[in-house]
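Taking it in order: structure first as structure tokens, then the write-up.
The values are calculated or read from the model by the stated rules, or taken from the named source; none is laboratory data. From a predicted model like this one, the values you see are computed outputs, not experimental measurements. Cβ sites come from the backbone with ideal geometry, for glycine too, and all protein chains shown count toward neighbours. Accessible surface is based on the protein model in full, side chains and every heavy atom, while ligands, DNA and RNA are left aside. Shrake-Rupley method; radii C 1.70, N 1.55, O 1.52, S 1.80 Å.
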Amino acid sequence: MQSLFFPFNRVLVMDSVYLSAVGICALVDNYSGQAVSFRVSTFSALKTQLKMSVAAGEQVLVITELVSGSEPLYEGLQFLDNIKEGVQAGHYKVVVCTALSDPFLLSAVIEREPHVIVHRDESLDVLIRLISLTKNKKNLTILSPLILDKIEKIRGIRLTQRELEWLVIQTEKMGLIETARRMGIHYKTAATYRKKISKRMNINIREMDSMLAKL
């Protein structure tokens, strides 16, 4: 019997790590009181399944990472952009469960306005508690304690949309020329973004490159 406190009859879990995905599915099914979870391993599969669930009139919760085995962070953020209209219309709720630690990258996720952002290092109890808060009808992004702690480190520092895009692309370990090509800009403009970001972070270019290598 489905829990009276669980408003979803379909939970789509996108996690390319099999055991992690299975664990989340089991957690959700146990909490809901019935088998409601469905695991996918790519954003393309998630988009297809989401479309089918919405068409079937299901009350859908999406729990997703932001990278898959074949899709980088850039595509994960694009996925959030593509479903934003459906989120705002109330067709489904979205929980991002991410391993990202860089506060600027996390700010790029926050700008996409999912309902919840939780870190993978946090306990499953935290995940369940935040899932329960998605019943709130307001489209407000709820941040877990660890995410809040990481974001606090860049309080008062803001990057432009293009600077954030540049930083997101760096998670794919691209050089300046490849990054410029991806963004459709000149090499010198890409170099300027790197310089401006390092200046806002009060670090030199060498320290910046070291930080990027760890993303």
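Only residues that are part of a loop (DSSP other than H, G, I, E, B) and either surrounded by 12 or more Cβ atoms within 10 Å (Cβ to Cβ) or of a type in the set (S, T, N, Q) (or both): list them for the range 180-211, please.
185, 201, 202, 203, 204
Take the range 27-55 and flag every residue that is assigned to a loop (DSSP other than H, G, I, E, B) and under 21 Å from the mean Cα position of the chain (by Cα).
41, 42
Out of curiosity, is residue 215 open to solvent by 60 Å² or more (accessible area, probe 1.4 Å), modelled with pLDDT under 95 and in a loop (DSSP other than H, G, I, E, B)?
When the stated conditions are applied, residue 215 does not pass them.
Check whether at least one residue in the range 145-163 is in contact with a His (Cβ under 9 Å, 6 or more places away or on another chain), among the polar types (S, T, N, Q) and assigned to a loop (DSSP other than H, G, I, E, B), and report yes or no.
No, every residue in the range 145-163 fails to be in contact with a His (Cβ under 9 Å, 6 or more places away or on another chain), among the polar types (S, T, N, Q) and assigned to a loop (DSSP other than H, G, I, E, B).
Of all residues in the range 59-77, which are closer than 20 Å to residue 91 by Cβ and either aromatic (Phe, Trp, Tyr) or open to solvent by 50 Å² or more (accessible area, probe 1.4 Å) (or both)?
59
Is it true that residue 127 is surrounded by 14 or more Cβ atoms within 10 Å (Cβ to Cβ), of a type outside the set (Val, Ile, Thr) and part of a helix (DSSP H, G or I)?
yes
I need the full set of residues from the range 177-215 which are of a type in the set (Gly, Ala, Ser) and either under 23 Å from the mean Cα position of the chain (by Cα) or under 22 Å from residue 103 (Cα atoms) (or both), in order please.
Answer for the range 177-215, where residues must be of a type in the set (Gly, Ala, Ser) and either under 23 Å from the mean Cα position of the chain (by Cα) or under 22 Å from residue 103 (Cα atoms) (or both): 190, 191, 198, 210, 213.
Looking at (1) at pLDDT 90 or above; (2) out of contact with any Pro (no Cβ under 7 Å at 6 or more places or on another chain), which is the one condition that is false for residue 96?
The single condition residue 96 does not satisfy is (2).
Any idea which residue in the range 130-165 is surrounded by the most Cβ atoms within 10 Å (Cβ to Cβ), counting only those that are within 30 Å of residue 5 (Cβ to Cβ) and of a type in the set (D, E, K, R)?
If we take residues in the range 130-165 being within 30 Å of residue 5 (Cβ to Cβ) and of a type in the set (D, E, K, R), then 150 is surrounded by the most Cβ atoms within 10 Å (Cβ to Cβ).
For residue 122, are the conditions met, namely being surrounded by fewer than 20 Cβ atoms within 10 Å (Cβ to Cβ) and under 18 Å from the mean Cα position of the chain (by Cα)?
In short, yes.
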